[in-house]
Amino acid sequence: MNKQILEITNRIIERSKATRSAYLAKIDAAKSETVHRASLSCGNLAHGFAACGKEDKNTLKGVNHSDIAIVSAYNDMLSAHQPYETYPEIIKAAVKETGGIAQFAGGVPAMCDGVTQGQPGMDLSLMSRDVIAMSTAVGLSHNMFDGALMLGICDKIVPGLLIASMTFGHLPTVFVPAGPMPSGLPNKEKARVRQSYAKGEVGEEELLEAESASYHSAGTCTFFGTANSNQLVVEVMGLHLPGASFIAPNTPLREELTKAAARQATRLTQQSGNYQPIGRMIDERSIVNAIVALLATGGSTNLTMHIIAFAKAAGIIINFQDFNDISDAVPLLTRIYPNGHADINQFQEAGGMALLFKELIAAGLVHEDVETICGKGLSKYTQKPVLDEAGQLKWVDSVDVSGDPEVITTVSKPFKEDGGMKVLKGNLGISVLKTSSLREGSTIVEAPAVVFEDQHELQTAFDAGELEKDFVAVVRFQGPKARGMPELHKLTPPLGVLQDKGFKVALVTDGRMSGASGKVPAAIHLCPEALDGGLIAKVQTGDIVSVNGETGQLILKVDEAELAKRETAKFQVNGHHQGMGRELFGFMRRNLSSADTGACSLFDNED
């Protein structure tokens with residue numbers, strides 16, 4: 001085992017002793033030696049199976065067979081979740097073959113950051129994660145269920161489902177993916193058209209044509225943003241079947257994997273004799289494995305907050321420094337857009353998850369002996385799923401050598417010696433900088449600040465030609481308590497244009513950037529945020545700001561005496577808390593914790 005990874009794991013275990021112990025005691029108290037519905041009164045149980053057919057009612061009246069909950073993020077507007085339309089019937093039939101019953105326990109909302117980027121609805125994006133967790137909890141609260149299947153893909157959906165799953169940690173739980181859409185317009189070409197639009201070289205018709213050629217069918221977007229990072233993290237934690245993450249939707253292999261996942265959930269219940277609750281299966285080592293894989297592939301910075309949040313739901317305390325130190329120990333092994341030109345399908349073709357597991361295990365970068373839904377050890381995940389000549393699902397040995405060394409490389413010849421994520425610290429606070437996709441020479445920017453309090457102000461200044469210079473864009477009052485921490489991906493094209501012109505530009509914000517961002521150095525998730533006493537609220541246009549991805553420093557170069565005299569900027573709501581449903585989320589927005597503690601509203605007031 002890699003010495004640094006082991007030391008970090010041990011410090012997390014030590015840090016989490018009290019909270020983890022209390023958590024395990026909680027889920028042990030919630031487990032049942034028989035089916036959970038046995039604790040219900042006759043009236044309760046009658047309500048629980050009133051809509052079932054006669055055969056299913058007879059099964060549920062007994063105490064020998066499991067009832068598996070289905071929780072789904074299906075909707076048919078969003079491409080990633082549209083394939084889930086047919087899953088419940090497939091799952092119910094597969095579970096019935098085992099003698100059990102599957103019931104649809106509840107649906108959860110699924111919003112797409114791709115649809116809401118730069119729109120008022122984006123202010124709800126991060127908070128939707130906590131809504132998803134609570135919605136899942138409502139569905140599972142009936143205590144009818146002995147296990148669960150979680151159907152979710154994208155940005156906040158999987159983290160929300162994970163928070164709820166850890167909260168109901170006494171239940172065995174399997175996550176069921178749906179897979180990426182076929183490759184469309186290459187991501188590099190899409191980015192080029194976006195920048196051309198930002199420069200006024202092409203119009204909306206050409207831009208929409210390019211976007212439509214990129215996002216063109218059912219399935220997950222093919223770049224390596226938060227959605228695909230979620231799938232990778234869940235598989236590395238052993239919550240997917242081996243190799244299930246990136247199999248295309250609406251294919252025979254995808255359907256057989258869905259059936260197999262349903263059957264596997266029944267094998268983990270108390271009634272199976274092989275009880276494996278998710279809260280005990282996922283431990284500190286599993287969380288470290290997730291961070292290692294995220295960093296080794298240059299995954300989404302959104303997961304820094306999400307992993308902290310769902311780990312906390314399991315009594316495990318993670319912080320930004322853990323990410324920084326693991327990044328120092330882990331080499332970058334993949335080049336997937338925005339960290340390269342390839343998409344997730346090309347990653348899959350080059351060897352995919354099975355090859356990645358082989359590299360990480362061989363180098364001692366992950367804890368191989370963790371528990372998974374398939375039993376003890378990650379070695380099973382070095383195999384890939386296929387259908388034999390009879391159409392039966394099986395797992396076979398995968399390749400030992402990358403099918404495309406420009407997409408997946410080896411630990412001995414990494415694309416980068418570290419995992420490409422740096423925690424920046426200084427008088428401005430603490431933030432995260434993704435370095436894996438930065439161009440050489442762009443990791444250090446020291447320049448005058450240009451202060452904005454809304455991302456649209458930056459676009460206006462760009463359109464007016466006011467940003468043709470070296471500068472650090474300081475976009476504040478975007479943090480959890482101020483705005484709900486929207487993503488600021490719309491800033492990427494104008495800043496990218498200026499960077500291509502030779503200007504040294506960087507971004508400092510208490511908001512987020514998309515998992516698809518990376519070309520422009522961006523110190524994001526800044527804590528404390530402007531509305532929470534952060535020094536970013538005292539920055540003035542013209543102040544020198546130093547963003548240093550080499551030394552890990554984030555410094556406002558203004559004399560302390562001068563700063564002491566300055567007024568703190570006041571947050572101007574300007575309608576940002578009204579419209580598009582934002583007025584309903586004030587209670588949650590006010591209770592969101594800082595980004596470095598997960599930007600979560602669910603744990604602050606717990607008993």
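From the list LEU253, LEU232, LEU239, LEU303, the one residue that fits, being within 28 Å of SER128 (Cα to Cα), touching a Leu at 6+ places or on another chain (Cβ under 6 Å) and at pLDDT 95 or above, is LEU303.
Applying the criterion of being in contact (Cβ under 8 Å) with a residue 60 or more places away in the chain, touching a helix residue (DSSP H, G or I) at 6+ places or on another chain (Cβ under 8 Å) and under 15 Å from VAL475 (Cβ atoms) to the residues of the stretch 497-519, the residue that is surrounded by the most Cβ atoms within 10 Å (Cβ to Cβ) is ASP510. The requirement of being assigned to a helix (DSSP H, G or I) and within 19 Å of THR9 (Cβ to Cβ) is not satisfied by ALA309. Taking only the stretch 127-141 into account, find how many residues are of a type outside the set (Asp, Glu), in contact with a Lys or Arg (Cβ under 9 Å, 6 or more places away or on another chain) and over 16 Å from SER72 (Cβ atoms). Within the stretch 127-141, residues that are of a type outside the set (Asp, Glu), in contact with a Lys or Arg (Cβ under 9 Å, 6 or more places away or on another chain) and over 16 Å from SER72 (Cβ atoms) number 2. A search for C-beta distances below 6 Å between a residue of the stretch 109-132 that is over 20 Å from GLU457 (Cβ atoms) and any residue that is at pLDDT 95 or above and among the β-branched types (Val, Ile, Thr), counting only pairs 6+ apart in sequence or on different chains, returns ALA110/ILE157; ILE132/VAL108; ILE132/ILE157. Scanning the stretch 62-86 for residues that are touching a Ser or Thr at 6+ places or on another chain (Cβ under 6 Å) and within 30 Å of TYR275 (Cβ to Cβ) returns VAL63, HIS65, SER66, VAL71, TYR84. Every listed requirement among (1) within 30 Å of PHE347 (Cα to Cα); (2) assigned by TED's automatic domain parsing to the domain that holds THR59; (3) not hydroxyl-bearing (Ser, Thr, Tyr) is met by GLU189 save one, (2).
Looking at LYS434, LYS490, just one residue is surrounded by fewer than 23 Cβ atoms within 10 Å (Cβ to Cβ) and either farther than 18 Å from THR541 by Cα or in the same structural domain as ASP510 (by TED's automatic domain parsing) (or both), and that residue is LYS490. For TYR197, the conditions (1) touching a strand residue (DSSP E or B) at 6+ places or on another chain (Cβ under 9 Å); (2) modelled with pLDDT under 95; (3) among the aromatic types (Phe, Trp, Tyr) all hold with the exception of (1). Among the conditions (1) in contact with a Gly (Cβ under 7 Å, 6 or more places away or on another chain); (2) closer than 24 Å to GLU440 by Cα; (3) at pLDDT 95 or above, the only one that LEU488 does not satisfy is (3). Might you check whether a residue that is among the aliphatic types (A, V, I, L, M) and either in the same structural domain as ALA261 (by TED's automatic domain parsing) or touching a strand residue (DSSP E or B) at 6+ places or on another chain (Cβ under 7 Å) (or both) occurs anywhere in the stretch 409-418? There is no residue in the stretch 409-418 that is among the aliphatic types (A, V, I, L, M) and either in the same structural domain as ALA261 (by TED's automatic domain parsing) or touching a strand residue (DSSP E or B) at 6+ places or on another chain (Cβ under 7 Å) (or both). Within the option set SER442, SER436, SER514, SER431, being among the hydroxyl-bearing types (Ser, Thr, Tyr), in a loop (DSSP other than H, G, I, E, B), touching an Asp or Glu at 6+ places or on another chain (Cβ under 9 Å) and under 24 Å from GLN553 (Cβ atoms) holds for one residue only, SER436.
Quick one: would you say ALA447 is surrounded by fewer than 17 Cβ atoms within 10 Å (Cβ to Cβ) and either more than 23 Å from the chain's Cα centre (by Cα) or closer than 30 Å to LYS538 by Cα (or both)? Answer is no for this residue.
Criterion applied to LEU257, LEU268, LEU253 was being in contact with a strand residue (DSSP E or B) (Cβ under 8 Å, 6 or more places away or on another chain), surrounded by fewer than 19 Cβ atoms within 10 Å (Cβ to Cβ) and more than 21 Å from SER514 (Cα to Cα), and the one residue passing it is LEU253. From the list ILE70, ILE12, the one residue that fits, being farther than 30 Å from ASP418 by Cβ, at pLDDT 95 or above, within 22 Å of the chain's Cα centre (by Cα) and buried (at least 19 other Cβ atoms within 10 Å of the Cβ), is ILE70. Look at (1) free of Cβ contacts under 8 Å to residues at least 24 places away in the same chain; (2) in contact with a Cys (Cβ under 9 Å, 6 or more places away or on another chain); (3) of a type in the set (Val, Ile, Thr) and you find that ILE361 fails only one, number (2). Selection of helices (runs of 4 or more DSSP H) fully inside the stretch 223-302 by the criterion of at least 3 residues being under 16 Å from the mean Cα position of the chain (by Cα) returns 226-236, 284-296.
Among the criteria (1) free of Cβ contacts under 8 Å to residues at least 24 places away in the same chain; (2) within 20 Å of the chain's Cα centre (by Cα), the one GLU562 does not fulfil is (2).
The values are calculated or read from the model by the stated rules, or taken from the named source; none is laboratory data. Everything quoted here is computed from the prediction, not taken from an experiment. Here Cβ is always computed from backbone atoms with ideal geometry, including for glycine, and neighbour counts include all displayed protein chains.
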